[in-house]
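What follows is a set of notes on a single structure, which appears directly below.
Laboratory data are not the source of any read-out in this text; all were calculated from the coordinates shown. All of these numbers come straight from a predicted model, not from anything done at the bench. Counting neighbours? That spans all protein chains shown, and the Cβs are built from the backbone with ideal geometry, glycine included.
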Amino acid sequence: MANTALVAEHTARTLYDHLPLLQVLVPFCAAPLIVLLGSRRLAWPLAFVSSAIALIISVMLMMSVREGGYISYTMGGWSPPLGIEYRIDATNAYVLMLISAIGTVVLPFAYVSVKDEIRSKDHSLFYACWMLCLTGLLGMVATGDAFNVFVFLEISSLSTYVLVAQGAARDRRALTAAYDYLIMGTIGATFFVIGLGMLYMATGTLNMADLADRIADQGANRTVRSGFAFIVVGLGLKVAMFPLHLWLPKAYTFAPSAVTVFLSATATKAALYVLMRFIFSVYHPDFSFTTNALEIIFLPLAIIAMFSASFVAAFQINFKRMLAYSSIAQVGYMLLGIAILTETGLTAALLHMFNHGLAKALLFMGVGALVLRTGSAFYTQISGLGRKMPLTCGAIVVGGLSLIGVPGTAGFLSKWLLVQAALERVAENSSFLLVSIAIVLSSLLAVVYVWRVFEVLYLREPDPNSTATEAPLMMLIPMWILAGSCLWFGLSTDFLYDIANQAALGLLDGSMGMLDSNEALGVK
């Protein structure tokens, strides 16, 4: 796919021209503003307005690049590769839209949840860290500079460690969960920056489009290949790729409910996008070592994750912990779509990224509402609540069905495309028939652990001493927005499919855009 183009004049003159920068700058400025004002009453409104603005900007960017092309926004008058560049195309605009949408929808839920789970004196700092985390996730997706990916990755990670630790007000194990996440995250970031150092040593640049050009021209020497290995391991830790996932179950289980909702739907997705960007745009599967890594390492590890994490999830007795292990399995589906190395497979991976973000955010919101009313996520404490909290549990049912991939829900299309992608490869490699069977069988395991939740909520007798009532409206509204989205995108599939397919084509073409191209929708 050729890069569609229209180079703007030398200087951006309108606010619209600055959208790539404002996408990151708005939440970044909100964080210190919340701290400086120091008002607990203003912290949430500032966070919500900033997230809503970021969502509007991401939608506008998506509309600008949906049909192809990219926006190149350069900083300080220095043209790339010398200057820092934000580069927006269909792929990262898609991910930006997911992250900002989840960040905005979750905040009304957080308004109630945070009051219940976090000490009031910490609310201002909590929302400041939330804004920094959002800034880091948006920045690592929007930037076209490899070292800036590392900077934004650390911004999001450091704020995430603090957010997870805030769960200590309810359960002290949140501190050990945050510490484990800190250690594993630091190791991942170290591996990633070592890989970047190797790429810089071999090519003399950190602009990702320029990196792609130079690696293509010079070929992949030993240093470049070693850099690839370090980058994959470093980002694999952030993605929670099996077996580098050990930080995730504790972090999701003991973090405050709102934090778990936000992280489960966005953090691993942003890291997965960066991994895809390096694999398909900076290196490209034309290099045999990239293809070998996908088929020999990614594919079997993805299948193992799909089965092992689902199997462990089926035996959990804590709803929140079960969903955490389910997330590891669902990451396996996304990695499998990448490893299949076809347009259909990559489209399925991108679609599943979005669909899983919706479903998992919805399910963790449901858990948060149950925790608000019962004080626990253990099955014994939430038995029979389907009768006392029908709207909350109804939303949980919708999220569970989408997680399984039941027809009529958003999760169905991405899993169907995964099976189709595997079957397309059968003609050249018969072992992909087993891959398609594995996708179906692992989905049946999802039926087991999701059905167990339905049984607990609807088929068991409620505790006669329970005083649980329906969740507050501020929780129900975002839950049903996500539940409606799961159903809408399950029935009306064209919009998301077209965007994901356009993004997949861009990745397969390595279309970050060449630096010498005169085809950009962007500003200088």
Is it possible to state the helix-based mean residue ellipticity at 222 nm for the chain, with each DSSP H run of 4+ residues giving -39500 (n - 2.57), the sum divided by total residues, to the nearest 500 deg cm²/dmol? What is it? -24000 deg cm²/dmol
Could I have the simple spin-label model distance between Ala216 and Tyr179, label points 7 Å from Cα toward Cβ, reported in nm to one decimal? 4.9
The stretch 291-491, Rg to Rh (Cα coordinates; Rh as Kirkwood inverse mean 1/r): 1.03
Please go through the residue pairs Lys115/Lys360; Lys250/Lys388; Lys238/Lys269; Lys238/Lys320 and name each one whose alpha carbons sit more than 18 Å apart in this structure. Lys115/Lys360; Lys250/Lys388; Lys238/Lys320
Please label the shape of the stretch 387-451 as rounded, prolate or oblate, based on the square roots a ≥ b ≥ c of the eigenvalues of the alpha-carbon gyration tensor (a/c under 1.5 means rounded; beyond that, a/b larger than b/c means prolate, else oblate). prolate
Relative contact order in percent for the chain (Cα pairs under 8 Å, 6+ apart) equals 21
Here Rg/Rh (Cα, Kirkwood) for the chain equals 0.96
Neighbour-limited loop hits for chymotrypsin sites (Phe, Trp or Tyr not before Pro), the stretch 244-324 (at most 13 other Cβ within 10 Å; DSSP other than H, G, I, E, B): Phe315
Sorted by Cβ density within 10 Å, fewest first, the residues Leu423, Leu363, Leu163: Leu423, Leu163, Leu363
Additional length obtainable on full extension of the chain from Phe315 to Met60, 0.36 nm per residue less Cα span: 87.4 nm
The stretch 291-491, dipole about Cα centre (Lys/Arg Cβ +1, Asp/Glu Cβ -1), debye to the nearest 20: 480
The size of the Cβ-based charge dipole (Lys, Arg +1; Asp, Glu -1) of the chain about the Cα centre, to the nearest 20 debye, is 1800
Between Leu444 and Glu424, what is 0.36 nm times their sequence separation minus the Cα-Cα distance? Round to one decimal in nm. 5.0 nm
What residue among Ala500, Leu423, Gly484 has its Cα farthest toward the positive end of the dipole of the chain, where the charges are +1 on Lys, Arg and -1 on Asp, Glu, each on the Cβ? Gly484
